[in-house]
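What follows is a set of notes on a single structure, which appears directly below.
The values are calculated or read from the model by the stated rules, or taken from the named source; none is laboratory data. All values derive from a computational prediction rather than experimental measurement. Note: ideal-geometry Cβ built from the backbone for every residue, glycine included; neighbour counts use all protein chains shown.
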Amino acid sequence: MALPSNPRAVVTGGGSGIGRAFSLALAKRGGRVLVADMNVERAEETAALVRSAGGTAAVVGCDVANKEAVYALPGLMKEHFGGTDVVFNNAGVAVGGPVHEIPLADWEWLIGINLWGVIYGCLAFLPHFREQGSGHFVNIASAAGLLAGPRLAPYNVSKAGVIALSESLSVEVAPDGIGVSVLCPTFIRTNIHKDSRSHGDGTREAGERMMDRAKLTPDEIAEITLRGVDRGELYIVPHADGLWAWRMKRADPEGFYKRVVPRAWKAMERQGGASEGGLLSDLLGRLKKR
């Protein structure tokens, strides 16, 4: 079911990047947006942009790894806008590097935000959606959750968990008139790499190079996502490289990890810039040559 006109939305991580883009895309629809972010100053900047674009906005400081902070959001939405139509579980961070070099504390930090934050967001709003007989969850994952390339193990695990949660939830809540979409992009031109925790030589630099090569802007991703929500899509995979690599993996999972990924990875290492985005691009190139 398409989003209603003037949708009432909460966007976690709404202070910048794709969260800000979601907020502005909703504003173009006359949306009423609660911008939730740990950085209240950035959230206020987003809210001002939403108002300038024709929407209505409120702001709340929110650490999505804090269950109480997330569980307070439905009440704030009711207070400001009388309820909620769509929840964007968007806040996220990144950790990169070889598995053996990533401290356990970084695993816990990332899983708390990327996975528990989405779990909290879904569980907090689910009773309200069931009571009103409508609502939509938009959970932000990544092509990393579909493909699980090297040197991104914590990130891959968290995003795969978001995808699994979205798949399970979509079946359970459909009879209640509730929709679920999971967004799985490759690289978008955001600043997530600047707030990431990197381990191992060249990890941060490789991420920065791939961000510079990203083909879609946050605004473009936001519009693609809203159109996918309107169509009731479960999987929203906006990038061609991510979509084709995912198809390749599904066709031959064993061969994907025993032959294709190792060859692509070695090629990237020789080029001095191994990263998820480069791996995906190389995989797409190999597919086209077949």
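The condition (being more than 30 Å from LEU26 (Cα to Cα), modelled with pLDDT under 50 and part of a helix (DSSP H, G or I)) is satisfied by just one residue among LEU283, LEU287, LEU279: LEU287. Counting only residues that are farther than 21 Å from ILE236 by Cβ and surrounded by fewer than 24 Cβ atoms within 10 Å (Cβ to Cβ), segment 123-153 holds 10 of them. Among the residues of segment 28-66, those identified as out of contact with any Ser or Thr (no Cβ under 8 Å at 6 or more places or on another chain) and either in contact (Cβ under 8 Å) with a residue 60 or more places away in the chain or assigned to a loop (DSSP other than H, G, I, E, B) (or both) are LYS28, MET38, ALA53, GLY54, ASP63, ALA65, ASN66.
Restricting attention to segment 54-68, the residues being aliphatic (A, V, I, L, M) and either within 18 Å of PHE81 (Cα to Cα) or touching a His at 6+ places or on another chain (Cβ under 6 Å) (or both) number 4. Within segment 240-267, the residues that satisfy the criterion of being within 26 Å of LEU216 (Cα to Cα) and either touching an Asp or Glu at 6+ places or on another chain (Cβ under 9 Å) or among the acidic types (Asp, Glu) (or both) are ASP241, VAL260, ALA264, TRP265, ALA267.
Condition check ((1) out of contact with any strand residue (DSSP E or B) (no Cβ under 9 Å at 6 or more places or on another chain); (2) of a type outside the set (Val, Ile, Thr)) across all residues:
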| site | (1), (2) |
| --- | --- |
| ASN90 | no, yes |
| TRP109 | no, yes |
| VAL118 | no, no |
| GLU131 | yes, yes |
| ILE140 | no, no |
| ALA148 | yes, yes |
| LEU152 | no, yes |
| ALA160 | yes, yes |
| ASP176 | no, yes |
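Does VAL11 fit the bill of being among the β-branched types (Val, Ile, Thr), surrounded by fewer than 24 Cβ atoms within 10 Å (Cβ to Cβ) and on the phi < 0 side of the Ramachandran plot? No; evaluated as a whole, the condition is false for this residue. Output yes when any residue across segment 248-264 is touching a Pro at 6+ places or on another chain (Cβ under 8 Å), closer than 22 Å to ILE140 by Cβ and at pLDDT below 95, and no when none is. The answer is no; no qualifying residue exists.
When residues in segment 30-86 are screened for being polar (S, T, N, Q), surrounded by 19 or more Cβ atoms within 10 Å (Cβ to Cβ) and closer than 16 Å to GLY13 by Cβ, 1 of them pass. The residue pairs whose first member lies in segment 110-137 and is among the hydroxyl-bearing types (Ser, Thr, Tyr), whose second member is assigned to a helix (DSSP H, G or I) and crowded, with 24+ Cβ neighbours inside 10 Å, and whose beta carbons are closer than 8 Å, counting only pairs six or more residues apart or on different chains, are TYR120/VAL70.
Among the residues of segment 40-73, what is the count of those that are touching a helix residue (DSSP H, G or I) at 6+ places or on another chain (Cβ under 9 Å), within 17 Å of ILE18 (Cα to Cα) and β-branched (Val, Ile, Thr)? So the count comes out to 4.
Taking (1) under 17 Å from ILE18 (Cα atoms); (2) of a type outside the set (Val, Ile, Thr); (3) touching a residue at least 24 places away in the same chain (Cβ under 8 Å) in turn, PHE81 satisfies each apart from (1). Of the residues in segment 95-103, not one is within 22 Å of THR225 (Cα to Cα), out of contact with any strand residue (DSSP E or B) (no Cβ under 7 Å at 6 or more places or on another chain) and modelled with pLDDT under 95.
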